[in-house]
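Here's the structure we're looking at; comments come further down.
The values are calculated or read from the model by the stated rules, or taken from the named source; none is laboratory data. Everything numeric in this text was worked out from a predicted model, so none of it was measured. Neighbour counts are summed over all protein chains in view; Cβ atoms, including those assigned to glycine, are modelled from backbone coordinates with ideal geometry.
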């Protein structure tokens, strides 16, 4: 099967608990968030999901998270969901300038997806005010 790529814009990201934020600003080019010191926050983004392509159910091969932050404001954990079923749980360290695809912001896997794909990202702001810019989210299917 040929490779299929799907993308979602960074301004689609949704904070789980908006009250924990000092800032959540959506721009035409992405979303800037700033977490209150002493908080932790999950961010969610829905992804286009090709459950059938040319009569075949494709497999999810890669997820890409594009963004920008200072070195102390990092995505520490990523969950990948197929509807309500968590199909991936990864400890990661995505921080700094990651506005292009690199091994640091790519999560490789091999999962079938039956319903709808969601990416959930965790940022810890325990010791400082964390700031993160979400630019876009991609997926490769085969």
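Would you list the strands (runs of 3 or more DSSP E) that sit entirely within the stretch 38-142 and hold 2 or more residues that are touching a strand residue (DSSP E or B) at 6+ places or on another chain (Cβ under 9 Å) and farther than 19 Å from residue 3 by Cα?
Working: elements: 39-47, 59-69, 75-82, 85-94, 106-112, 117-125, 131-141.
Fully inside the stretch 38-142 and qualifying: 39-47, 59-69, 75-82, 85-94, 117-125, 131-141.
Sort through 115, 81 and tell me the only one that's under 21 Å from residue 12 (Cβ atoms), modelled with pLDDT under 95 and either surrounded by fewer than 18 Cβ atoms within 10 Å (Cβ to Cβ) or within 14 Å of the chain's Cα centre (by Cα) (or both).
On the way: 81 fails: modelled with pLDDT under 95.
Going through 115, 81 in turn, the sole match is 115.
Restricting attention to the stretch 41-60, report how many residues are surrounded by fewer than 16 Cβ atoms within 10 Å (Cβ to Cβ) and more than 16 Å from residue 115 (Cβ to Cβ).
Residues in the stretch 41-60 being surrounded by fewer than 16 Cβ atoms within 10 Å (Cβ to Cβ) and more than 16 Å from residue 115 (Cβ to Cβ): 4 in total.
Tally time: how many residues in the stretch 125-142 are under 12 Å from residue 40 (Cβ atoms) and buried (at least 18 other Cβ atoms within 10 Å of the Cβ)?
Keep residues of the stretch 125-142 that are under 12 Å from residue 40 (Cβ atoms), which gives 125-127, 130.
With the extra rule that they be buried (at least 18 other Cβ atoms within 10 Å of the Cβ), the set shrinks to 125, 130.
Qualifying residue count for the region: 2.
Which is in contact (Cβ under 8 Å) with a residue 40 or more places away in the chain and closer than 22 Å to residue 36 by Cβ, of 135, 54, 130? Steps first, answer last, please.
Working: 135 fails: closer than 22 Å to residue 36 by Cβ; 54 fails: closer than 22 Å to residue 36 by Cβ.
Result: 130 is the single residue among 135, 54, 130 that is in contact (Cβ under 8 Å) with a residue 40 or more places away in the chain and closer than 22 Å to residue 36 by Cβ.
Can you tell me which residues in the stretch 1-31 are out of contact with any strand residue (DSSP E or B) (no Cβ under 7 Å at 6 or more places or on another chain) and assigned to a strand (DSSP E or B)?
Matches in the stretch 1-31: 26, 27.
Of the conditions (1) free of Cβ contacts under 8 Å to residues at least 24 places away in the same chain; (2) more than 13 Å from residue 133 (Cβ to Cβ); (3) in contact with a helix residue (DSSP H, G or I) (Cβ under 6 Å, 6 or more places away or on another chain), residue 45 fails just one. Which one is it?
Of everything listed in (1) free of Cβ contacts under 8 Å to residues at least 24 places away in the same chain; (2) more than 13 Å from residue 133 (Cβ to Cβ); (3) in contact with a helix residue (DSSP H, G or I) (Cβ under 6 Å, 6 or more places away or on another chain), residue 45 misses just condition (1).
Only one of these conditions is not met by residue 52: (1) in contact with a helix residue (DSSP H, G or I) (Cβ under 9 Å, 6 or more places away or on another chain); (2) more than 20 Å from residue 127 (Cβ to Cβ); (3) at pLDDT below 95. Which number is it?
So residue 52 meets the others, but not (1).
Matching residues to (1) touching a helix residue (DSSP H, G or I) at 6+ places or on another chain (Cβ under 7 Å); (2) over 23 Å from residue 20 (Cα atoms); (3) in contact (Cβ under 8 Å) with a residue 40 or more places away in the chain:
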{"site": "72", "(1), (2), (3)": "no, no, yes"}
{"site": "79", "(1), (2), (3)": "no, no, yes"}
{"site": "88", "(1), (2), (3)": "no, yes, no"}
{"site": "93", "(1), (2), (3)": "no, no, no"}
{"site": "97", "(1), (2), (3)": "no, yes, no"}
{"site": "113", "(1), (2), (3)": "no, yes, yes"}
